[in-house]
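First the structure, in the form of structure tokens, and then the observations on it.
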Amino acid sequence: MCTVIGIYLPFTSVSNTVRLHIHNTSIGFYTQPIIRQQGEAMSQGIQTIYSGDCFKSRLEVRWAIFLKALGFEYEYEKQAYGLLSGWYLPDFWIPRLRVWLEVKPYSGGDIDTLRYRELALSTGCPHLCVRGRPEPNRYSVSVQLPKRGSSIRKASFAESETKARKLILVDEHHSWEVRKGAPICSLVAQPVLHDSVWLNKASKFAGSYFEEQNRN
């Protein structure tokens, strides 16, 4: 016999509803969410409970682990925003950096750049969209900054060469410290460590999590 808990979080109407059913069984927890925005079904993944949050996919869990390993606390699905382009519920809010983060698979998945840009402009906080796993050469990052026409594409994370450890995003020519209010710089003005022990440890931890769970 299983216990079903239904949680309904209305946005503005019945059609804009997040419905989450958590089933408690003899073999543990599994989740079966039905998520709709503007009457459209969103893509499904392997729903997983981690650190008290119910994530829509294991890919989101990997990024949650990556952020925690770097020392950045996050809030998962903090708040939904009614934008001109429609309702949008970002995956992560990172308070220390004051940035939004959306997780998508490396190939496939809807990339709604217009909505990401609109959220950055309306909240004044940068929006990052990561595609792929948090492992070297297996992801890319796009950023919408809260300034019209200001963005970074196909970038990756690096570490600053300064004494104070900072998370940096770099593309072929530019670097940007991941935080609200930071300017886009040239790589010459802001040199970085691409092969960072700090980042590599976080990536390894995130990549090995499910392997360890399967062994246990």
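The values are calculated or read from the model by the stated rules, or taken from the named source; none is laboratory data. All values derive from a computational prediction rather than experimental measurement. Glycine also receives a Cβ, built like all others from the backbone with ideal geometry; neighbour counts cover every protein chain displayed.
Condition check for Ile94 on (1) modelled with pLDDT under 95; (2) closer than 28 Å to Lys166 by Cβ; (3) of a type in the set (Val, Ile, Thr): one failure, at (1). Filtering segment 185-202 to residues that are of a type in the set (Ser, Thr, Tyr) and part of a loop (DSSP other than H, G, I, E, B) leaves only Ser196.
Can you name the residue in segment 158-179 that is in a loop (DSSP other than H, G, I, E, B) and either loosely packed, with under 15 Cβ neighbours inside 10 Å or of a type in the set (A, V, I, L, M) (or both) and is also nearest to the chain's Cα centre (by Cα) among such residues? That would be Val178.
In this structure, Leu119 qualifies as out of contact with any helix residue (DSSP H, G or I) (no Cβ under 7 Å at 6 or more places or on another chain), modelled with pLDDT of 95 or more and either assigned by TED's automatic domain parsing to the domain that holds Leu67 or aliphatic (A, V, I, L, M) (or both). Taking the criterion of being under 17 Å from Trp176 (Cβ atoms) and assigned to a strand (DSSP E or B), the residues of segment 127-146 that qualify are His127, Leu128, Cys129, Val130, Tyr139, Ser140, Val141, Ser142, Val143, Gln144. Take the conditions in contact with a helix residue (DSSP H, G or I) (Cβ under 7 Å, 6 or more places away or on another chain) and either surrounded by 15 or more Cβ atoms within 10 Å (Cβ to Cβ) or not in a loop (DSSP other than H, G, I, E, B) (or both) and apply them to Ala182. Does it pass? When the stated conditions are applied, Ala182 does not pass them.
If you go through segment 147-157 and keep only what is assigned to a loop (DSSP other than H, G, I, E, B) and of a type outside the set (Lys, Arg), you end up with Gly149, Ser150. Residues satisfying the criterion are absent from segment 45-58 (criterion: under 30 Å from Ala189 (Cβ atoms), of a type in the set (A, V, I, L, M, F, W, C) and either within 12 Å of the chain's Cα centre (by Cα) or in a helix (DSSP H, G or I) (or both)). One residue stands out among those in segment 70-107 that are assigned to a loop (DSSP other than H, G, I, E, B) and hydroxyl-bearing (Ser, Thr, Tyr): the one that is surrounded by the fewest Cβ atoms within 10 Å (Cβ to Cβ), which is Ser107.
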